[in-house]
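Here's the structure, in structure tokens; my notes come after.
The values are calculated or read from the model by the stated rules, or taken from the named source; none is laboratory data. Remember, predicted model here, so these are calculated numbers, not experimental data. A quick note on method: Cβ atoms are made from the backbone with ideal geometry, for glycine too, and the neighbour counts reach across all protein chains shown. Side chains are part of the model used for accessible areas, which takes the heavy atoms of the whole protein and leaves out ligands, DNA and RNA. Shrake-Rupley method; radii C 1.70, N 1.55, O 1.52, S 1.80 Å.
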Amino acid sequence: MPLTLRLTRRPDGQGSLVLIRPDGSRTWQRQKERHAAFFAQHDLTHFAVESMLGLRQAFYGLVADGWDFADFAQPWPRGPLPDEALWAESVVGLLDVERATLAAGGELLSAGEFETHVRNKLAEGGRRPPRSLDAVTLMALRARRDALFAEWAAVQPGEQLELVFAP
């Protein structure tokens, strides 16, 4: 079920993400200037989390199975997100918040603090994490994400970064 990701850095400051499914069909999204930098890093964080943890029912796995970008928002045409997708989104979201906190001079969360935040976020919707992240795994996720960010930073305007998601 490999899914090809093509992140493009456009000369006008915008970006796009094209996802090509194993059957050749695709879905895509353009990111405007103001949001392009955030969403490229958010999408790469998803890639790090989902590929390293072998997630098949989170964002990229669902897209590989035929979901489109519009399926991940109201009116939820495919129904509620699976628990694994909500957990992945909570992990990715917290990694995004942590990145912003670091940029402002803050510190990384410990694995215990990270786990507590994710558990509390899921509990708001009546869900539980399908598994936990230990300190070694969390450190490896951060390192993989940072390596992907470095690859993306090297992409020149008009060029793209291509990755294959195959958990």
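One table, with the values for the structure above:
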item	result
Residue, nearest to the chain's Cα centre (by Cα), within the stretch 72-84, restricted to residues that are within 30 Å of residue 139 (Cβ to Cβ) and either free of Cβ contacts under 8 Å to residues at least 40 places away in the same chain or open to solvent by less than 20 Å² (accessible area, probe 1.4 Å) (or both)	72
Residue satisfying all of: in the stretch 150-167; part of a helix (DSSP H, G or I) and touching a strand residue (DSSP E or B) at 6+ places or on another chain (Cβ under 9 Å); surrounded by the most Cβ atoms within 10 Å (Cβ to Cβ) among these	152
Matching residues, the stretch 97-116, being more than 17 Å from the chain's Cα centre (by Cα) and either farther than 12 Å from residue 132 by Cβ or basic (Lys, Arg) (or both)	101, 102, 103, 104, 105, 106, 107, 108, 109, 110, 113
Residues satisfying the stated conditions in the stretch 1-22, i.e. surrounded by fewer than 16 Cβ atoms within 10 Å (Cβ to Cβ) and at pLDDT 95 or above	6
Restricting the stretch 56-71 to residues that are part of a loop (DSSP other than H, G, I, E, B) and out of contact with any Asp or Glu (no Cβ under 7 Å at 6 or more places or on another chain), the residue that is surrounded by the most Cβ atoms within 10 Å (Cβ to Cβ)	67
Residues (in contact (Cβ under 8 Å) with a residue 12 or more places away in the chain and either open to solvent by 40 Å² or more (accessible area, probe 1.4 Å) or within 26 Å of residue 148 (Cα to Cα) (or both)) located in the stretch 99-127	99, 108, 109, 110, 111, 114, 115, 117, 118, 121, 125, 127
Test: residue in the stretch 95-109 that is under 14 Å from residue 49 (Cα atoms) and either part of a loop (DSSP other than H, G, I, E, B) or of a type outside the set (Lys, Arg) (or both)	yes
The lone exception for residue 139 - which of (1) open to solvent by 70 Å² or more (accessible area, probe 1.4 Å); (2) outside any loop (DSSP other than H, G, I, E, B); (3) farther than 19 Å from residue 48 by Cα it fails	(3)
Residue tally, condition within 28 Å of residue 135 (Cβ to Cβ) and not in a helix (DSSP H, G or I), over the stretch 26-53	1
